[in-house]
Number of protein chains: 2
Amino acid sequence: MELHPEVEPLAFLLGRWSGEGTGEYPTIKPFAFREEVTFEHNGKPFLSYSQKTWSLIDDSPMHSETGYLRLAGPAPRRLEIVLAHSTGLVEVSEGILEPGKIELISTNVHGTSTAKTVTAIGRSIVVAEDVFKYRLRMAAGGLPAHHHLSGELQRVSD
Amino acid sequence: MELHPEVEPLAFLLGRWSGEGTGEYPTIKPFAFREEVTFEHNGKPFLSYSQKTWSLIDDSPMHSETGYLRLAGPAPRRLEIVLAHSTGLVEVSEGILEPGKIELISTNVHGTSTAKTVTAIGRSIVVAEDVFKYRLRMAAGGLPAHHHLSGELQRVSD
């Protein structure tokens, strides 16, 4: 399947990535996890994204999220993502794509009636060679934005 | 993997479903599609959902959406879903689960800057034996809610 030309600048993300990450927040105990991230395409002008994490202690599933990425407009290319989180949240984030680098800030985070309150999410991704590093900031539970997650993944398949 | 007891009332959805559907809206030409829907679980108290459609004319991919379902509270059981759509939308919908029947209304629909404007989505699902029927209403492009999609799928694997 040919990659749609509109998402050619996102080709460096395609494939399956695996590695480990750590999490922290003022209200919780720091934690660590195994993580898998997949970016796929079906020939249309978006990529599909899916992310899963597991406990390093007992390999039980932890967080997962899933959604789509698309580009809007010329360089510096504006990137749009829409995500659903297994914790009962949806996220719309927008930002800038530079070669091997993505910066995103949420324009809408909304939860179900019983989900924890998250008001903003910021994501930074850097990909160099076959290494994918990210950092995620979050404003949750009435607190201002605070560092929450970071991880480093290796490409395990195209 | 044991199904989490909290989502046991959703067990009738689990598996892969395949069939066809039709779409219409005051602003577009009616259309038809092939559709696949999958509900999975990983032992945690939610189901993962993914949906894809293809043109009946040339088998090219059309819409896709992905997200999670969870239950909140006792019977009549309150259902919450969070979804990302490949068209650049996120959806939070809530409603009621009855045996073999789901009714959902959106509490939040939000798009990226370049997505078409959708303001509300309503979903009705009925599952009897191994047949999954759904109807979807949508308010989009400044119009009030209007019937948009219906489909009938058969269970093709557990």
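The values are calculated or read from the model by the stated rules, or taken from the named source; none is laboratory data. Quick caveat: nothing in here was measured; it's all calculated off a predicted structure. Cβ: placed from backbone, ideal geometry, glycine included. Neighbour counts: every protein chain shown. All accessible areas refer to the heavy atoms of the entire protein, side chains included, with ligands and DNA or RNA removed. Shrake-Rupley method; radii C 1.70, N 1.55, O 1.52, S 1.80 Å.
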Under 5 Å between amide H atoms, partner at least 5 residues away or on a different chain: which partners does B:ARG77 have, H built in plane at 1.01 Å? B:LEU97
Distances from A:ALA128 to the same residue in each other copy, label points 7 Å out along Cα→Cβ, in nm, shortest first? 6.2
Comparing the chain by itself with all protein chains present, which residues of segment B:93-125 are at least 20 Å² less accessible (probe 1.4 Å)? B:GLU94, B:ASN108, B:HIS110, B:THR112, B:SER113, B:THR114
Alpha-carbon centroids, segment B:1-40 and segment A:16-56: separation in whole Å: 25
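Within a 10 angstrom radius of each residue's Cβ in A:43-54, how many Cβ atoms of other chains show up on average? Whole number is fine. Present the calculation step by step, with values, prior to reporting the outcome.
Values: counts 2, 6, 1, 4, 1, 6, 2, 3, 0, 2, 0, 1.
Partner Cβ neighbours, averaged per residue: 2.
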Report A:MET138's accessible area, 1.4 Å probe, all protein chains in place, as a number in Å² to the nearest 10. 30
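Quick one: what do you get for chain B if you divide its Cα Rg by 2.2 N^0.38 Å?
Numbers: Rg = 15.4 Å, N = 158, 2.2 N^0.38 = 15.1 Å.
It is 1.02.
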For A:LYS52, counting only lysines whose alpha-carbon sits under 22 Å away and dropping same-chain residues fewer than eight positions off, the answer is A:LYS29, A:LYS101, A:LYS116, A:LYS133, B:LYS44, B:LYS52
Identify which of B:GLU40, B:GLU91, B:GLU24 has the largest mean-square fluctuation in a Gaussian network model of chain B, with springs joining Cα atoms closer than 10 Å. B:GLU24
SASA check, A:THR119, accessible area w/ 1.4 Å probe, all protein chains in place, rounded to nearest 10 Å², comes out at 90
Percent relative contact order of chain B, based on C-alpha pairs within less than 8 angstrom and at least six residues apart? 19
With every protein chain in place, the accessible area of A:ASP130 for a 1.4 Å probe, in Å² rounded to the nearest 10, comes to 80
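What does the average come to when, for each residue of peptide A:13-26, you count the partner chain Cβ atoms lying within 10 Å of its Cβ?
0
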Modelling each spin label as a point 7 Å along the Cα-to-Cβ direction, I'd like the A:SER18/A:ALA145 distance in nm, to one decimal. 3.3
HN-Hα J in Hz across segment B:11-21 - Karplus 6.51, -1.76, 1.60, θ = phi - 60°, x for Gly and Pro: 4, 5, 8, 4, x, 10, 10, 9, x, 9, x
Gaussian network model of chain A, Cα springs within a sub-10 Å range: biggest mean-square fluctuation belongs to which of A:GLY141, A:GLY21, A:GLY67? A:GLY141
Largest first, what is the accessible-area ranking of B:PHE33, A:PHE31 with a 1.4 Å probe? A:PHE31, B:PHE33
How many nm separate the modelled label positions at B:ARG77 and A:VAL126, each set 7 Å beyond the Cα in the direction of the Cβ? 4.6
When every protein chain stays in place and a 1.4 Å probe is rolled, B:HIS63, B:HIS148 sorted by accessible area with the largest first are B:HIS63, B:HIS148
For segment B:1-100, what is the accessible area per residue in Å², given a 1.4 Å probe and the full set of protein chains? 44
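Grab the Cα-Cα distance for A:SER60 and A:ARG135, subtract it from 0.36 nm times how many residues apart they are, and report the gain in nm with one decimal. If you can, show how the numbers build up before the last one.
Working: separation 75, 0.36 × 75 = 27.00 nm, distance 2.26 nm.
Once the chain is fully extended between A:SER60 and A:ARG135, it gains 24.7 nm.
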With 0.36 nm assigned to each residue of separation and the Cα-Cα distance removed, A:THR114 to A:LYS101 gains 1.2 nm
